[in-house]
Ligand code: ATP
């Protein structure tokens, strides 16, 4: 049998790094938003008794380092069964190392897909507890929509849905950010007020001007990537309501209240960059297709 799962990318409308914990992790406050830019994860069972992986993207490891393999082992461990033969194919559309949670979403897709493939009937809370053990963004990717996430990103609360006419995402071709390096630079920043608290108020007000004015990312502030600023300036010249970096970078997103303007911005960026996407916010996370 074969199961196909759509795994959405996310952007961070805000991302405040709120502290460093004694276990070495950082605590964050963030508003995450799922968008309709999807990897497709296809799972098929076989008699091999092992997990195998294929992916159409060269930089992604197709062995046990892949987050999909980790997710599968965690899944069988939780279900207290031996590892079953499964092939996982990842059709990648989400740029890698971009701050768009592509790997995390693939991992979440595997949990959902295995639950369907083997008819294990795990409840959402059970899948969530597996997801938490795989990575900080994985539980969000199961749920999707617009969420307020704290702790290491796994304490998730609902906030009013964000909506707009278009989101343009662009990743500079040459810049990939190491998350460890990024956190080091963020640690050196001066403390400031929490933008995520302001964004929650803005989401409740549903005021697009306020939401756009409240976009914020500590990593953007700390890393100061020239290409990110170049892309932002093209986006703002194309009449984006607001623009900012996602996660630890280096993808940049812009929010539009006009589809026509979003399309024009997409066309303009496409003249220079390869990884450009025109998308919209979505209310769900990983889903069986
Ligand atoms: P986040 O926003 O969660 O920090 P990211 O967009 O910065 O994620 P990913 O694209 O998820 O980063 O991948 C980071 C690294 O993880 C890659 O360089 C790759 O080596 C490894 N990796 C393992 N599994 C996957 C996968 N299924 N897809 C993408 N990368 C993967």
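Bear in mind that the values in this text are calculations on the coordinates, not laboratory data. Just so we're clear, the structure is a prediction, and the values are computed from it rather than from any experiment. Here the Cβ positions follow ideal geometry from the backbone for every residue, glycine too, while neighbour counts run over all protein chains shown.
Relative to a virtual label point 7 Å from the Cα of residue 180 in the Cα→beta-carbon direction, which members of segment 219-254 show backbone nitrogen distances below 19 Å?
223, 248-250, by backbone N distance to the label point.
Can you give the extra length, in nm with one decimal, that the chain gains between residue 57 and residue 82 once fully stretched, where that is 0.36 nm per residue apart less the Cα-Cα distance?
6.1 nm
Please work out the Kirkwood hydrodynamic radius for segment 88-139, using every pair of different C-alpha atoms, and report it in angstroms with one decimal place. Don't skip to the answer; put the middle values down first.
Numbers: mean 1/r = 0.0858 Å⁻¹.
One over the average 1/r among Cα pairs gives 11.7 Å for segment 88-139.
What order do you get for 221-227, 94-100 when each peptide is scored by the mean count of other beta carbon atoms within 10 Å, highest first? Show your work: numbers first, answer last.
Details: 221-227: 15.4, 94-100: 24.3.
The peptides rank, most packed first, as 94-100, 221-227.
Along the Cα→Cβ direction, 7 angstrom out, place labels at residue 96 and residue 221. What is the inter-label distance in nm?
The two pseudo-label positions are separated by 3.2 nm.
Can you give the log10 of the normalised intensity I(q)/I(0) at q = 0.14, 0.17 Å⁻¹, computed with Debye over equal Cα scatterers of segment 44-124?
Cα-only, vacuum Debye calculation for segment 44-124: -0.44, -0.65.
Taking springs between alpha-carbon atoms closer than 10 angstrom, which of 182, 101, 254 fluctuates most in the Gaussian network model of the chain?
Per the Cα network of the chain with a 10 Å cutoff, 182 tops the list.
Angle, helix 259-270 long axis vs. longest principal axis of the chain, Cα atoms, 0 to 90°, nearest 10?
80 degrees
To test your reading of the geometry: what angle, between 0 and 90 degrees and rounded to tens, separates the Cα axis of helix 102-117 from the longest principal axis of the chain?
Value to nearest ten degrees: 40.
Expected output is a single nm value to one decimal: the length gained when fully extending between residue 155 and residue 284, i.e. 0.36 nm times separation in residues minus the C-alpha distance. What is it? Walk me through the numbers on the way to the answer.
Details: separation 129, 0.36 × 129 = 46.44 nm, distance 1.73 nm.
The span from residue 155 to residue 284 would gain 44.7 nm if fully extended.
Using the Cα atoms of segment 143-210, I'd like the radius of gyration and the largest Cα-Cα distance, Dmax, both in angstrom.
Radius of gyration, then largest Cα-Cα span, for segment 143-210: 15.2, 38 Å.
Using the beta-carbon distance between residue 187 and residue 230 and R0 = 35 Å, what value does 1/(1 + (r/R0)^6) give for FRET efficiency, to the nearest 0.05? Spell out each step's value before the answer.
On the way: r = 26 Å, r/R0 = 0.75.
Efficiency for this residue pair is about 0.85.
Report the convex hull volume per residue for segment 1-158, counting only C-alpha atoms, in Å³. Don't jump to the answer; show the numbers that get you there.
On the way: hull volume 17.5 nm³, N = 158.
Roughly 111 Å³ of hull volume per residue.
Under a plain spin-label model, where a point goes 7 Å from the Cα along Cα-to-Cβ, how far apart in nm are residue 2 and residue 207?
Going by the 7 Å Cα→Cβ label model, 5.1 nm.
Would you mind telling me the antiparallel percentage of the DSSP bridges in the chain, rounded to 5? Can you show the working numbers first?
On the way: 49 of 56 bridges.
Percentage antiparallel, nearest 5: 90.
Give, in whole angstrom and from largest to smallest, the semi-axes √(5λ) of the equivalent ellipsoid of the chain, with λ running over the eigenvalues of the Cα gyration tensor.
Output for the chain: semi-axes of 31, 21, 18 Å.
Rounded to whole Å and ordered largest first, report the semi-axes of the equivalent ellipsoid of segment 188-289 derived from its Cα gyration tensor (root of 5λ).
Details: eigenvalues 97, 74, 45 Å².
Largest first, segment 188-289 gives 22, 19, 15 Å.
For segment 22-98, give the share of DSSP beta bridges that are antiparallel, in percent and rounded to the nearest 5; count only bridges with both residues there.
Roughly 60 percent of the DSSP beta bridges within segment 22-98 come out antiparallel.
Where does the chain land at 222 nm, in deg cm²/dmol rounded to the nearest 500, when only DSSP H runs of n ≥ 4 count, each adding -39500 (n - 2.57), divided by all residues? Can you show the working numbers first?
On the way: 10 runs with 100 residues, N = 289.
That calculation yields -10000 deg cm²/dmol at 222 nm.
Normalised by the residues of the chain, what does the relative contact order come to in percent, with Cα pairs under 8 Å and at least six apart?
Across the chain, relative contact order equals 26 percent.
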